[in-house]
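Comments concern the structure below.
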Amino acid sequence: MLPDYATVLLAGSDPDLLLLRSAVLAARGVWSLRVHNADQAIQVLGLVPCDLAIICYTLDEADQERLTSALESSHSGVRMLHLAAGDDCSGTGFLRKVEEALGTSATVPHAIVEPAPAFSRMIR
């Protein structure tokens, strides 16, 4: 089960995809922050303690490398999850990947429960 009040940074260039992922996480009680590039992600990481950074395939390669480097050098306590196209075709599959990255047990029910109040913020 996902830990309550975990904070996840969602980095990607597709706002609709980020919103969908954020909603899936919020339904499980996980806070998320959405950013559109590496600069925003690095700025947020300096202000908000995050448990996991999800780096989406929609970020260009340079942003993916810069964010990965920043996480490895300055924010080594933040776990990383790189998503490839198709990694989140289902909400349940996405949640399992997040659980694995957070180091929690993969006990996601087969159906996503009714959404809880949204715990998501967009950084522009």
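Here, each number is a calculation from the coordinates, and none is a lab measurement. Remember, predicted model here, so these are calculated numbers, not experimental data. Every residue, glycine as well, gets a Cβ built from its backbone with ideal geometry; the counts of neighbours run over all protein chains shown.
Listing Thr68, Thr7 from fewest to most neighbouring C-beta atoms within 10 Å gives Thr68, Thr7.
Simple rule: put +1 on each Lys or Arg Cβ and -1 on each Asp or Glu Cβ in the stretch 1-93, find the dipole, and look at Leu83, Val30, Ala41; the Cα lying farthest toward the positive end is Val30. This ranking places Tyr57, Tyr5 by how few other beta-carbon atoms lie within 10 Å of each, fewest first, which gives Tyr5, Tyr57.
The string of couplings for the stretch 12-23 from the Karplus curve (6.51, -1.76, 1.60, θ = phi - 60°) is x, 9, 9, x, 5, 5, 5, 5, 4, 4, 4, 5 Hz, one whole number per residue in order, with x for Gly and Pro.
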